[in-house]
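For reference, the structure discussed in these notes is given below.
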Amino acid sequence: MTTKPALQPVIVGAGPAGIRAAQTLAAHGVRPVLIDEAARGGGQIYRRPPAHFKRTPATLYGTEAARATALHGTLDGLHAQIDYQPDSLVWNAQGGLLDVLHGPTQTTRTVPYGQLIVASGATDRVLPVPGWTLPGVYTLGGAQVALKFQGCAIGSRVVLMGTGPLLYLVAYQYAKAGAMVAAVLDTARFADQLAAVPAMLTQPAVFAKGVYYVGWLRAHGVPIHSGIRPVRVLGDGRVAGVVWADGAGREHTLSCDAVGFGYALRSETQLADLLGCRFAWAPMHRAHLPERDAAGRSSVRGVYLAGDGAGILGADAAEWAGELAALALLQDHGTAVDAARMQALQGQLHRLMRFRQGLERAFPFPTDWAAHAPDALVVCRCENITAGDLRACVRETGADEMNRLKALTRVGMGRCQGRSCGVAAAEILAQATGQPVERVGRLRGQAPIKPVPIHLQARQATDAGASA
Amino acid sequence: MSSSTPRTIKTDVAIVGGGIVGASAALALRRQGVDVVLLERDLCGSRSSGVNYGGVRRQGRPLSQLPLAQRAHEIWARLPALIGTDGEYQRTGHFKIARSEADMAALEHYAHLSRDFDLGIELISGERLRAQCPWLGGKAVGGSLCVDDGQANPRLVSPAFALAAQRAGAQIFERSPLTRIEHDGRQLFTLHSGTALEVSAPVVLNCAGAWAGAMAEQFGEPVPLRSGHPAMMVTEPLPYFMQWSLGVEGGGIYCRQVARGNLVLGGGSGFWLDGDRARSERSAIASLTVQAVELLPALKHAHFIRTWSGTEGYLPDRQPVLCKSRTTPGLIHGFGFAGAGFQIGPAVGEVLAELARDGHTSTPIDAFSLARFDTPPAPAAGATPTTTTAQAH
Ligand SMILES: Cc1cc2nc3c(=O)[nH]c(=O)nc-3n(C[C@H](O)[C@H](O)[C@H](O)COP(=O)(O)OP(=O)(O)OC[C@H]3O[C@@H](n4cnc5c(N)ncnc54)[C@H](O)[C@@H]3O)c2cc1C
Ligand SMILES: Cc1cc2nc3c(=O)[nH]c(=O)nc-3n(C[C@H](O)[C@H](O)[C@H](O)COP(=O)(O)OP(=O)(O)OC[C@H]3O[C@@H](n4cnc5c(N)ncnc54)[C@H](O)[C@@H]3O)c2cc1C
């Protein structure tokens, strides 16, 4: 064998996973590059408000304040040991180079890597409801970001609907921050939650927190309805209310001036896709995800995956997975690492799987969503494509695969490139063709990962190895 | 899933490849009442034919392609009647830009050479150009407009050819790769798609695009076919301002704006991922962004939202292979369109149908014979008009 190549790790994503990965590498005397699109590290859950922002971590992160502070502290303490590059979007990857757009200056540069840890996190999983394009409708994550980042609520009388742990968390955070939560509308049934209790008890502390949020909401008079189906958001120019159906099919109307909705999260996988990672259907996540081994190695040599970007497991798991991926990277490079620590982290992640399955049980994906989606429902808001358009395409052309559906209808061809509408379009396609959703395939990834200004100014001083 | 006894079908003509070429051949054959089976490895129109730039242009083609291009031009005019959709085809004009006096002279020369084909080319320069298209950046000194050339949406057009052929009675098998083909030495081919399907036919059309070389080689006709990957880019929708599809003399960039408002740009090349798929090369993306703003200053504040590429077959002279096999009766080739086969595809399909049914065609295709690779190519002395077409659209 020839000489060992220089260790040149790059981490994409400064959330819990990326920060722990950076810390672990630094602790082993390696100086990683940490690239993050956000202005300040912390990721989605511990998103940090702008520096001049006055609210305390306790008000911002509630029960998670200590964790948030710890993670932020870790990153702040690492500045001398890592090359931290905030405000930087990785928009392309090819041949050992990342193309990185620096937001504030609108310049692009290339960053070479020998090893890469992808910790790109997640965004909301959206299943639209008629009326969701009205001003005043947000995703649950968006609603939370408004609170954490901008310190404002999305409305004064807010309905939160969908399902997933974030539903109750956001409701709690909103109510706690003084917003009026008109109702929590959960598509999961109470029976689902009961059935999930044994599995959820494998993480008693997390479970207790969930129980606490629900209890707190009830104690403060916030109505919680389970087993519902969102029917439509009402309004003329702006949200005025929601209509939902109860388990017996009876419709109810509730007035409000804002709606937050979502169905748990979906992994951000474009970068893994551009890097050539092999994907496989992951039934628990109801998604095609990049494959990884127990330590986070992808199918591509030198590329590691950690955190929600490779499957939704939550913030604690993201921290463990970030550390583990960094250890695996070091190990693969011949650096001595604490094997027992790796074992322990793998054990922790493994045990979490049962809890994660419990969550799926407690907040199941509403598999009947597509069957109830009316033809007039806008699925893709960039291109204004309705469920009916998609069904007509299936009828008229026999399209039975996502990329074909996209080519023929433009669904997923807008600015979001399917990141928002892809989940819903796949569900509609599966329903219209009578196939299980895993069979309809996944949208192919291409650069750029997010829209990039065409008037790109190539930064002059590119890192070594940059192409002409 | 698959049974051990394959489904067996006898047919008049078997076609390998469901791109615009194979699918339009299938449609043309059905319109003549000939039985057709088409095998497509993936989905019809999912390769070059469905991912190309969408330029439907005659201008700039080598003179040898103009008879085909003219024939295709007639077919494009009848598109809705023929395939049941207009495929967003519009005769918006194709404007080829000159960035120097020398470029302008080259365009004049081409207009002169092609005058017998009546392309309706109009040369525009100076003041008139500025007045007619204020959105053009300062680099353009003039250009050549072919008013009846245009653009279409390949994602819609190419699958629609296959669908139309199917409606007309062609048996189309998607996700059915040709895995083996034999000839009995006399008059019958047997095509196998795994263990699922067996097709026997006296005539086979090799329309497998960039992957057509294997079959030619198997039948004793090795071809210097290689893959090429034109790089593509699309912007977010912008207010509609540009009707023409633009090319540039000497190549480098081409672009058009679709009715939805997005600009589709092409230029430079991509790289292959796995033999089937390709992406745009980073250097191509960089160069496209620079040239785009130079050509159309209005793009300065736009974002591009996606890049992509495709896999297309190229022969050394950038001319296709369209001919009967010289080793194997019944085998007919139609591939290697070098990044420019979308416009002529429908005519190529008709020509292949004629060759299959009648053994000859009224359209001159001698320039596309495999025979041209028999002898070492003559030294490239005097430049021919083909040098002006070294771009993929
Ligand atoms: C909006 C939202 C709110 C959430 N709120 C909670 C909560 O309150 N409680 C809870 O337990 N869980 C919450 N979650 C889930 C929680 O975020 C995750 O479990 C956890 O943050 C995962 O950590 P991570 O490091 O994998 O990814 P993330 O924390 O998501 O961090 C990923 C980081 O990567 C960056 N990134 C991604 N792609 C690129 C790129 N191409 N170039 C540069 N940077 C990139 C992102 O900007 C981000 O900073 C939330 C998730 C979302 C999406
Ligand atoms: C990015 C790009 C931009 C372009 N821009 C333009 C343009 O603007 N204007 C223009 O005129 N031309 C353009 N072209 C060229 C044009 O797209 C092609 O010349 C044309 O589509 C070729 O059609 P085809 O049917 O020969 O090939 P293809 O569309 O590639 O079809 C060949 C088919 O054969 C199938 N196949 C291969 N092997 C097998 C097998 N063993 N069994 C079964 N099926 C098989 C493939 O899956 C494929 O579907 C461009 C090409 C590309 C890639």
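Structure values in brief
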quantity: Estimated dipole of the range A:321-427 in Debye, rounded to 20 [Cβ of Lys and Arg +1, of Asp and Glu -1, Cα centre]; calculated: 160 debye
quantity: Calculated diffusion of the protein assembly as shown, Stokes-Einstein form, Kirkwood radius summed over Cα pairs, 20 °C and 1.002 mPa s, µm²/s; calculated: 73 µm²/s
quantity: Antiparallel bridges, percent of DSSP beta bridges restricted to the protein assembly as shown (to nearest 5); calculated: 60 percent
quantity: For residue B:100, residues with placed amide H under 5 Å, excluding near neighbours; calculated: B:141
quantity: Chain pair B, A: total accessible area buried, heavy atoms, 1.4 Å probe, Å²; calculated: 3100 Å²
quantity: Length released on extending from residue B:86 to residue B:5, taking residue separation times 0.36 nm less the Cα-Cα span; calculated: 25.0 nm
quantity: Among A:119, A:105, A:222 - extreme Cα towards positive end, dipole of the range A:81-236, charges at beta-carbon; calculated: A:222
quantity: At least 30 Å² of accessible area lost relative to the chain alone, listed for the range A:435-449 with a 1.4 Å probe; calculated: A:444, A:446, A:447, A:448
quantity: Other protein chain Cβ atoms within 10 Å, averaged over every residue that makes up B:297-303; calculated: 3
quantity: Pairs of lysine residues in the protein assembly as shown - Cα separation under 21 Å, sequence separation of 8 or more or cross-chain; calculated: 9
quantity: Added length on full extension, which subtracts the Cα-Cα distance from 0.36 nm per residue, residue B:273 to residue B:12; calculated: 90.3 nm
quantity: Span from the the range A:243-309 Cα centroid across to the the range A:436-458 one, whole angstrom; calculated: 16 Å
quantity: List of the range B:258-289 residues, accessible area with partners at least 40 Å² below that of the chain alone (1.4 Å probe); calculated: B:260, B:279, B:282, B:289
quantity: Solvent-accessible area, 1.4 Å probe, carbon plus sulfur percent, for chain B; calculated: 53 percent
quantity: Rounded percent of accessible protein surface that carbon and sulfur make up, the range A:153-285, 1.4 Å probe; calculated: 59 percent
quantity: All-pairs alpha carbon distance profile, the range B:82-127, 5 Å steps from 0, percent; calculated: 5, 16, 22, 18, 13, 10, 8, 5, 2
quantity: Average Cα contact separation per residue, chain A, under 8 Å, 6 or more apart, as relative contact order %; calculated: 18 percent
quantity: Between helix A:190-200 and chain A: long-axis angle, C-alpha atoms, 0 to 90°, nearest 10; calculated: 30 degrees
quantity: Degrees separating the helix B:154-167 axis from the principal Cα axis of chain B, which is the longest one; calculated: 30 degrees
quantity: Accessible surface, the range A:373-426, averaged per residue in Å² (probe 1.4 Å); calculated: 34 Å²
quantity: Contour excess over end-to-end distance, with Cα ends at residue A:381 and residue A:69 and 0.36 nm allotted per residue; calculated: 108.6 nm
quantity: Solvent-accessible area per residue for the range B:141-188 (1.4 angstrom probe, square angstrom); calculated: 42 Å²
quantity: Reduction of at least 40 Å² in accessible surface, 1.4 Å probe, comparing all protein chains with the chain by itself, residues of the range A:403-425; calculated: A:404, A:407, A:408, A:410, A:415, A:417
quantity: Compactness index (Cα Rg / 2.2 N^0.38 Å), the range B:1-147; calculated: 1.42
quantity: Cysteines, the protein assembly as shown, no other Cys beta-carbon under 4.7 Å; calculated: A:152, A:256, A:277, A:382, A:393, A:416, B:44, B:133, B:146, B:207, B:255, B:323
quantity: Mean projection area, nm², convex hull over Cα of the range A:100-197; calculated: 10.2 nm²
quantity: Förster radius 25 Å - calculated FRET efficiency between residue B:188 and residue B:371 (Cβ-Cβ, nearest 0.05); calculated: 0.45
quantity: Two-decimal Rg/Rh across the range A:1-106, once Rg and the Kirkwood Rh are taken from alpha-carbon atoms; calculated: 1.03
quantity: Helix B:341-358 axis, angle to chain B major axis (alpha carbon atoms, nearest 10°); calculated: 30 degrees
quantity: Residue B:195 long-range amide H proximity, modeled H, under 5 Å; calculated: none
quantity: Chain B shape via C-alpha gyration tensor axes, a/c threshold 1.5; calculated: prolate
quantity: Convex hull of Cα atoms in the range A:175-249, direction-averaged projection (nm²); calculated: 6.4 nm²
quantity: Contact order normalised by residue count of the range B:1-118, Cα under 8 Å, 6+ apart, percent; calculated: 18 percent
quantity: Chain B: relative contact order as a whole-number percent, Cα under 8 Å and 6+ apart; calculated: 25 percent
quantity: Cα centroid separation, the range A:14-72 to the range B:52-80 (Å); calculated: 58 Å
quantity: Rounded, prolate or oblate (a/c below 1.5 giving rounded, otherwise prolate when a/b exceeds b/c) for the range A:361-460 by Cα gyration tensor; calculated: prolate
quantity: Solvent-accessible area per residue for the range A:222-335 (1.4 angstrom probe, square angstrom); calculated: 36 Å²
quantity: Tensor-based shape of the range B:210-306 (alpha-carbon gyration tensor, a/c under 1.5 rounded, otherwise prolate or oblate); calculated: prolate
quantity: Distance cut-off 24 Å, percentage of C-alpha pairs in the range A:136-287 lying past it; calculated: 38 percent
quantity: Share of Cα-Cα pairs in chain A lying beyond 44 Å, as whole percent; calculated: 11 percent
quantity: Span from the the range A:374-410 Cα centroid across to the the range A:148-181 one, whole angstrom; calculated: 32 Å
quantity: Fraction of beta bridges assigned by DSSP in chain B that are antiparallel (%, nearest 5); calculated: 65 percent
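The values are calculated or read from the model by the stated rules, or taken from the named source; none is laboratory data. Keep in mind that what you see is a predicted model, and the values were worked out from it rather than measured. So basically every Cβ, Gly included, is an ideal-geometry build from the backbone, and we count neighbours across all protein chains shown. SASA here: full protein model, heavy atoms, side chains in, ligands and nucleic acids out. Shrake-Rupley method; radii C 1.70, N 1.55, O 1.52, S 1.80 Å.
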